[in-house]
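Novice: After the structure tokens below, expect a handful of questions from me.
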Amino acid sequence: MEDTLIIRGIEFKSRLWVGTGKYKDFEETAKAIEASGADVVTVAVRRVNIIDRKSENLLDYIDPKKYKILPNTAGCYTVEDALRYSRLAREAGVSDMIKLEVIGDEKTLFPDTIGLLKATEILAEEGFIVFPYTNDDPIMAKRLEDAGAAAVMPLGAPIGSGLGIRNPYNIKIILEQAKVPILVDAGVGTASDATIAMELGCDAVLINTAIAGAKDPIVMAEAMKHAVIAGRLAYLAGRIQKKLYASASSPIEGML
């Protein structure tokens, strides 16, 4: 079944995108990415050595010919920092794409949406393909789209919480009004959470902690691959209407 995700002319074969933090080593990271079937891998510019190619580098374990590298600005608490690391990643030849994070609070890691909107406007004007990480606020999602975001990435729950999709109704509203792809980012804890996100109609899911923090990250990565595929197919198929009372699966009309 042909169902390709295309954003700004870029074709994405998998609707599961994966992060690279919290693994025990680069080898485990590479194995989990392979098992996930993902073709987009996001990397924190501040925390992982992807700019200095002279020392051990995550990119030594991830083939850029096979995977699309999506730099992110994780750990940035100001607009200035987010802009700086976005530009560093592009200047180093990593990518024109950027997963944009401007964090507003160290404890909750919720986004600073005012700063995020400002940074999105600036980077979009500079020609970046911007994927802003935001809260599940439909108003902010629309403003980020209007600011030039290539896609919007609302959280399902706080980063690393594993709580799943806490407010599916807000996600549904965001999806209804969006003219750009919507990718759930943060909060997925297990495969069923990823399936729910896709059944809602999200275009993709980005997962890191739920895979890297699992007892067996490699097996969990494969589980997430199948969960995303199943959720997407269920969304395309269209679920049956919910009813309060039973409805016989075998009609009684015509039976003797």
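Novice: Just give me the residues in the stretch 113-134 being touching a residue at least 24 places away in the same chain (Cβ under 8 Å) and of a type in the set (A, V, I, L, M, F, W, C), in sequence order.
Specialist: Passing the criteria: Leu116, Leu117, Ala119, Ile122, Leu123, Ala124, Phe128, Ile129, Val130, Phe131.
Novice: Out of Lys225, Lys172, report the one residue that is modelled with pLDDT of 95 or more and either within 24 Å of Ala74 (Cβ to Cβ) or among the hydrophobic types (A, V, I, L, M, F, W, C) (or both). Break it down stepwise before answering.
Specialist: Numbers: Lys172 fails: either within 24 Å of Ala74 (Cβ to Cβ) or among the hydrophobic types (A, V, I, L, M, F, W, C) (or both).
Unique residue meeting the criteria: Lys225.
Novice: Ok, one more. Within the stretch 210-238, which residues are closer than 17 Å to Pro154 by Cβ and within 14 Å of the chain's Cα centre (by Cα)?
Specialist: Across the stretch 210-238, the qualifying residues are Ala210, Val228.
Novice: Related question: Is at least one residue of the stretch 196-215 in a loop (DSSP other than H, G, I, E, B), more than 16 Å from Trp17 (Cβ to Cβ), open to solvent by 70 Å² or more (accessible area, probe 1.4 Å) and not β-branched (Val, Ile, Thr)?
Specialist: First, pick out the residues of the stretch 196-215 that are in a loop (DSSP other than H, G, I, E, B): 201-203, 208, 213-215.
Imposing the further condition that a residue be more than 16 Å from Trp17 (Cβ to Cβ) reduces the set to 201, 213-215.
From what's left, open to solvent by 70 Å² or more (accessible area, probe 1.4 Å): 215.
So of that shortlist, the ones also not β-branched (Val, Ile, Thr) come out as 215.
Yes, the stretch 196-215 has at least one match.
Novice: Still on this structure, I have one more. Give the residues of the stretch 180-195 that are under 17 Å from Pro138 (Cβ atoms) and open to solvent by 20 Å² or more (accessible area, probe 1.4 Å), sorted by residue number.
Specialist: Val180, Pro181 - these are the residues of the stretch 180-195 that are under 17 Å from Pro138 (Cβ atoms) and open to solvent by 20 Å² or more (accessible area, probe 1.4 Å).
Novice: Looking at (1) in contact (Cβ under 8 Å) with a residue 60 or more places away in the chain; (2) β-branched (Val, Ile, Thr); (3) farther than 11 Å from Trp17 by Cβ, find the lone condition where Ile174 falls short.
Specialist: Among (1) in contact (Cβ under 8 Å) with a residue 60 or more places away in the chain; (2) β-branched (Val, Ile, Thr); (3) farther than 11 Å from Trp17 by Cβ, Ile174 violates only (1).
Novice: Restricting the stretch 1-34 to residues that are assigned to a strand (DSSP E or B) and among the aliphatic types (A, V, I, L, M), which is surrounded by the most Cβ atoms within 10 Å (Cβ to Cβ)?
Specialist: Let us first name the residues in the stretch 1-34 that are assigned to a strand (DSSP E or B), namely 5-7, 10-12, 16-19.
Checking the rest, the ones that are also among the aliphatic types (A, V, I, L, M) come to 5-7, 10, 16, 18.
Details: Leu5: 18, Ile6: 10, Ile7: 17, Ile10: 13, Leu16: 25, Val18: 28.
If we take residues in the stretch 1-34 being assigned to a strand (DSSP E or B) and among the aliphatic types (A, V, I, L, M), then Val18 is surrounded by the most Cβ atoms within 10 Å (Cβ to Cβ).
Novice: Does any residue of the stretch 95-104 turn out to be surrounded by fewer than 19 Cβ atoms within 10 Å (Cβ to Cβ) and either touching a residue at least 40 places away in the same chain (Cβ under 8 Å) or of a type in the set (D, E, K, R) (or both)?
Specialist: yes
The values are calculated or read from the model by the stated rules, or taken from the named source; none is laboratory data. Here the structure is a predicted model, which is why all the values come from computation and not from measurement. Neighbour counts are summed over all protein chains in view; Cβ atoms, including those assigned to glycine, are modelled from backbone coordinates with ideal geometry. Accessible surface areas use protein heavy atoms only, side chains included; no ligands, DNA or RNA. Shrake-Rupley method; radii C 1.70, N 1.55, O 1.52, S 1.80 Å.
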